[in-house]
Amino acid sequence: MKHLITTLFILTLLTSPFTQQSHAAFPPAPVLATGQTLCYDATGATIACAGTGQDGESQSGLQWPPPRFVDNGDQTQTDKLTGLIWSKNANLAAAKKTWQEALDYVKTLNSNNYLGYNDWRLPNINELGSLANKGQAYSTWLSGQGFTSVQSDPYWSSSSYSHDTSIVLYVYVSDGNVNGSNRSNVFYVWPVRGGQLNTLTIFKTGQTTCYDAVGATITCSGTGQDGELQAGVTWPTPRFVDNGDQTQTDKLTGLIWSKYANPAGAEKTWQQ
C-alpha cells in the first residue's frame, strides 16, 4: 500500500474569530473544535494545561453541541455540529472496496433509493475528517455515539490528491490520520448525505476536477467524485483579505493569520 504522509505547515494564529471581530464578521464556516481537552509533555505524559498554549488549553473553534449526534430513527444519524447525515451502519457494504467500487456502491444506493433517499455520496476529505475527535480514539468514540460496525481501518474519501492525481485521500478512523493511496487498494465506505444546508459548517475542499484510474483528467459528470459534487460551504471571493497590518483574514473561517508564513525565520521543535 502506498501511503502519503501529510505535511503540516505550522503558521502563527494571531487571534480567534470568536473573541475578536475587528477584521471579520462571524464566518460562514468556522473551524470546528478538535475535542482535545488534555495537554502533554515532551514524552507524551499528561500535564496541567495552564500556560502551555496547547490545543487542550485553548480548545479553540466552534464548540460541539450536546449531544453531537442525533439518531433519526431511520438508520441514519445527524451530526448537529456539521449538519451532515451519516448512515448509522459505518460498514454498509460489509466489505472493503477499491475506490471506483466505492463510488459505484454509492451510486447503487441512490439507484435503489436507500432508506428513501437518492442523494447519498462518498464524503469528501473535509467531511470524512469532520468525524474526528482528537481527544479519543475515533473508532471507539464513534461507536459510543450510536454508530455501528465502525472499522479501525481506512475509509475512502471522494477527494484526489492534487499533487499526484493517481492518489486518493483517505482517513484512518482509528486515529484520524489523513493519507493517500492508489485507487486499486481496498478500503471501507461510509456514505453521507448533505444534511440541513442552513446548518452546514464544512467548507468545500477546492477540488473542481475529476480523474480516471491513472490520474488523468476526465469529465466529472456522473463520477460522484469530489470534483463533481463540490459539497460544502462555498469559498468567498476573495477568500483572504489583507488587513494592512501584516495580517490576513480568511473570510471563510474567520481566522486571522500572520501575513508572513515564517515569522520565526527558522524551523523549531514543537516546544520551541
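Throughout, read-outs are computed from the coordinates displayed, never taken from laboratory work. Because the structure is a prediction, the values reported are computed rather than measured. When we count neighbours, we look across all protein chains shown, and the Cβ atoms used for this are built from the backbone with ideal geometry, even at glycine.
Annotations for the structure displayed:
- Rounded to the nearest 20, the size of the Cβ-charge dipole of the range 141-269 about its Cα centre is 220 debye, with Lys and Arg at +1 and Asp and Glu at -1.
- Of the residues ALA29, GLY129, SER184, the one whose Cα sits farthest toward the positive end of the charge dipole of the chain, with +1 on the Cβ of Lys and Arg and -1 on the Cβ of Asp and Glu, is SER184.
- For GLY56, net neighbour charge (Lys/Arg +1, Asp/Glu -1) across residues whose Cβ lies under 13 Å away: -2
- Between helix 99-111 and the chain there is an angle of about 70 degrees, using the helix long axis and the longest principal axis of the Cα atoms.
- Inter-part distance, the range 127-152 to the range 251-269, computed on C-alpha centroids, equals 30 Å.
- Size of electric dipole in the range 63-213: Cβ of Lys, Arg +1 and of Asp, Glu -1, about Cα centre, debye, nearest 20: 160
- Pairwise Cα separations in the range 146-272 fall into 10 Å bins from 0 onward with the following percentages, short to long: 10, 28, 33, 23, 6, 0.
- The Cβ shell under 11 Å around THR34 holds other residues with a net charge of 0, Lys and Arg each +1, Asp and Glu each -1.
- Mean Cα-pair separation over length for the range 148-261, i.e. relative contact order, pairs under 8 Å, 6 or more apart, %: 18
- When the Cα positions of GLY244, THR269, GLY232 are compared along the charge dipole of the range 177-272, GLY232 comes out farthest toward the positive end, with charges on each C-beta of Lys, Arg, Asp and Glu.
- Net charge of Cβ neighbours under 14 Å - reference THR209; Lys, Arg +1; Asp, Glu -1: -3
- Computed about its Cα centre, the charge dipole of the chain is approximately 200 debye, with only Lys, Arg, Asp and Glu carrying charge at their Cβ.
- Space enclosed by the convex hull of the alpha-carbon atoms of the range 128-211, per residue, Å³: 117
- Calculated volume of the Cα convex hull per residue in Å³ (choose from (i) 153; (ii) 215; (iii) 135), label: (i)
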